[in-house]
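Novice: Just dropping this structure here.
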Amino acid sequence: KPLFFDAAWNYIEYPGREVEK
Amino acid sequence: NPTATLTTLLRGSTIEDHEEVLKAANAVLKSSKSNPDALHTRVVALLQLDRFDDALRALDDGGDKLGEACRLEKAYALYKTGKLAEAENLLQGADKRGLKHVAAQVAYRAEKFEDAARLYKELGSEPVAIEGEENDLRINSSAVDAQ
Ligand SMILES: [K+]
């Protein structure tokens with residue numbers, strides 16, 4: 001099974017701390 | 001003052017105690033049950049605590065407005081709970097990078113490798129937003145290409 005990262009997780013942030021608006 | 005407490009927590013340089021943030025959000029919601037930031041914060045805290053079903057319930061309780069504000073969080077919770085068709089539905093026309101990442105991961109898990117490849121190609125052609133994202137993209141694209 002190839003390596004596969006949960007890249008989406010890095011985008012989950014609290015309000016006011018979002019990675020992108 | 002629960003609102004001030006929550007604001008202070010969210011302004012901190014790092015957030016490690018997600019139980020504390022959840023409690024602070026719930027304290028705000030006790031007196032102000034439709035406070036949008038507190039509702040959003042509760043959802044994110046539940047995700048951080050790996051409470052994906054509770055996050056989905058909190059989203060359902062919060063109504064359409066919260067669902068719109070938390071599209072990424074909802075899609076992610078659906079992905080983590082294996083509700084891939086619902087996630088896919090929510091992610092139609094995903095335009096932001098976070099949403100595209102979830103869409104690609106949903107496609108990969110659903111073994112829709114052409115969709116995943118297309119999304120990673122799109123993500124790779126646009127500027128990265130997060131440190132380490134280029135590496136994530138390279139690894140995930142390789143996983144898709146290996147199928
Ligand atoms: K995160």
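Novice: With springs only between Cα atoms under 10 Å apart, run a GNM on chain B and tell me which of B:Q48, B:Q92, B:Q105 wobbles the most.
Specialist: B:Q92
Novice: How much net charge surrounds B:L91 when only the other residues with a Cβ under 9 Å from the Cβ of B:L91 are counted, with Lys and Arg +1 and Asp and Glu -1?
Specialist: +1
Novice: Distance between the C-alpha centers of the range B:126-145 and the range B:19-60? Whole Å please.
Specialist: Cα centroid of the range B:126-145 versus Cα centroid of the range B:19-60: 30 Å apart.
Novice: OK, next. Could you tell me, in Å, what Rg and Dmax come out for the Cα atoms of the protein assembly as shown?
Specialist: 16.4, 54
Novice: Sticking with this one: Excluding same-chain residues fewer than 8 positions from B:K65, which aspartates and glutamates have a Cα within less than 16 Å of its Cα?
Specialist: Answer for B:K65, where 16 Å is the Cα cut-off: B:D37, B:E73, listed by chain and number.
Novice: Taking the beta-carbon count within 10 Å as an exposure proxy, list B:E122, B:E88, B:E16, A:E13 from fewest neighbours to most.
Specialist: Values: B:E122 14, B:E88 20, B:E16 8, A:E13 17.
By the 10 Å Cβ count, ascending, the order reads B:E16, B:E122, A:E13, B:E88.
Novice: For chain B, what is the relative contact order in percent, using Cα pairs closer than 8 Å and at least 6 residues apart in sequence?
Specialist: Once divided by the residue count of chain B, the mean separation gives 13 percent.
Novice: With only Lys, Arg, Asp and Glu charged, each at its Cβ (+1 for the first two, -1 for the last two), find how big the charge dipole of chain B is about the Cα centre; round to the nearest 20 debye. Display every interim value, and only then the final one.
Specialist: Working: 20 positive and 26 negative charges, 75 e Å.
That gives a dipole near 360 debye.
Novice: Also: Rounded to whole Å and sorted largest first, what semi-axes of the equivalent ellipsoid does the C-alpha gyration tensor of the range B:75-147 yield via the square root of 5 times each eigenvalue?
Specialist: Numbers: eigenvalues 68, 40, 23 Å².
Three semi-axes, in Å: 18, 14, 11.
Novice: Along the charge dipole of the protein assembly as shown, pointing to its positive end and built from +1/-1 on Cβ of Lys, Arg, Asp and Glu, which listed residue (B:H40, A:I12, B:L123) has its Cα farthest out?
Specialist: Sorting the options by dipole projection puts first B:H40.
Novice: Give, rounded to the nearest 20 debye, the magnitude of the charge dipole that the protein assembly as shown has about its Cα centre when Lys and Arg contribute +1 at Cβ and Asp and Glu contribute -1 at Cβ. If you can, show how the numbers build up before the last one.
Specialist: Values: 23 positive and 30 negative charges, 65 e Å.
Computed charge dipole of the protein assembly as shown: roughly 320 debye.
Novice: By counting other Cβ atoms within 10 Å of each Cβ, how are B:S125, B:S141, B:S34 ranked from fewest to most?
Specialist: On the way: B:S125 7, B:S141 18, B:S34 11.
Going from sparsest to densest Cβ surroundings: B:S125, B:S34, B:S141.
Novice: Leaving out same-chain residues fewer than 8 places away, which aspartates and glutamates sit with a Cα under 15 Å from that of B:K121?
Specialist: Qualifying aspartates and glutamates at Cα under 15 Å: B:D95, B:E133, B:E134, B:D136, B:D145.
Novice: Continuing with this model, one more query. Roughly how many Å is it from the Cα centre of the range B:75-115 to that of chain A, as a whole number?
Specialist: 13 Å
Laboratory data are not the source of any read-out in this text; all were calculated from the coordinates shown. Please read these numbers as outputs of a predicted model, since none were measured by experiment. Counting neighbours? That spans all protein chains shown, and the Cβs are built from the backbone with ideal geometry, glycine included.
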